[in-house]
1. Do we have GLN179 as modelled with pLDDT under 90 and open to solvent by 80 Å² or more (accessible area, probe 1.4 Å) here?
2. So, in the stretch 117-149, of the ones that are of a type in the set (S, T, N, Q) and in contact with a strand residue (DSSP E or B) (Cβ under 8 Å, 6 or more places away or on another chain), which residue ends up surrounded by the fewest Cβ atoms within 10 Å (Cβ to Cβ)?
3. Of these, ALA36, ALA40, ALA49, ALA57, which one is buried (at least 17 other Cβ atoms within 10 Å of the Cβ), small (Gly, Ala, Ser) and touching a Leu at 6+ places or on another chain (Cβ under 7 Å)?
Amino acid sequence: MDKLTIYNRALSLISAAPYQPQTGVQHPCDLWFNHALRKANERGDWSFARRRITLTAKTTNSQSSIVNSQSEFDLPDDCLKIRNVYYPGTYTKTARRATYGRTLVTDVSPTVDLDYTTNIVSTMQELPDAEPSFCQAVIYYLAAYIAPEINGSNSNDHDLNIQRAEKEIQDALWLDKKQTESNDQSPLPAILARRTW
């Protein structure tokens, strides 16, 4: 779903005119879109935002960065939240781990496998069409944030749309978990359970 569709759906929720550049609705929509997207992205462990990669220890002067029985790794640029750190090629979690800024410190290992949540969704201009509940939550969040600027501070649209967004997030997380953790051999029941536009 593209940004313009999200703008117009959010504007229709608060009974505002459709999005047009150089109008009173442009600034609030442009200002709050990334915030609404990031808020929805951070609210859950979305399967479509998970990544697993292998990290190699930082090198300094042709040596691994191993200090005091620890290895240091640079986190990927798109890492929003660390889910787990494993010894390479296994599902055994590392014994120790700490994060300092964008550096991951673990017990000594030349490589580790990192499971993390990416922020790619919050930097995209389009939302995943296969996740309509997630998209609807972003629309509600955006409507909540732009309502006071467009309709005035006395508008009750803000609280109502925040409640709607939270409900959509809960529904979307439930469906996402149901689909990803199911041992059903056919994805059809989970697909049919999802709401479609």
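The values are calculated or read from the model by the stated rules, or taken from the named source; none is laboratory data. Computed from a predicted model, the values in this text were never measured in an experiment. Cβ atoms come from the backbone with ideal geometry, glycine included; neighbour counts cover every protein chain shown. Remember, those area values only see protein heavy atoms, side chains included, never the ligands or the DNA or RNA. Shrake-Rupley method; radii C 1.70, N 1.55, O 1.52, S 1.80 Å.
1. no
2. Of all residues in the stretch 117-149, those of a type in the set (S, T, N, Q) come to 117-119, 122-123, 125, 133, 136.
Next, from what is left, pick out any that are in contact with a strand residue (DSSP E or B) (Cβ under 8 Å, 6 or more places away or on another chain): 117-119, 122, 125.
Values: THR117: 20, THR118: 20, ASN119: 19, SER122: 20, GLN125: 10.
Step by step, filter the stretch 117-149, then rank; the result is GLN125.
3. When all the criteria are applied, what remains is ALA36.
Results for (1) among the hydrophobic types (A, V, I, L, M, F, W, C); (2) farther than 15 Å from TYR145 by Cβ; (3) in contact with a helix residue (DSSP H, G or I) (Cβ under 7 Å, 6 or more places away or on another chain); (4) touching a residue at least 60 places away in the same chain (Cβ under 8 Å), shown as yes or no for each residue.
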{"position": "LEU4", "(1), (2), (3), (4)": "yes, yes, no, no"}
{"position": "TYR19", "(1), (2), (3), (4)": "no, no, yes, no"}
{"position": "CYS29", "(1), (2), (3), (4)": "yes, no, yes, yes"}
{"position": "ALA40", "(1), (2), (3), (4)": "yes, no, yes, yes"}
{"position": "PHE48", "(1), (2), (3), (4)": "yes, yes, no, yes"}
{"position": "THR54", "(1), (2), (3), (4)": "no, yes, no, yes"}
{"position": "LEU75", "(1), (2), (3), (4)": "yes, yes, no, no"}
{"position": "ILE82", "(1), (2), (3), (4)": "yes, yes, no, no"}
{"position": "TYR87", "(1), (2), (3), (4)": "no, yes, no, no"}
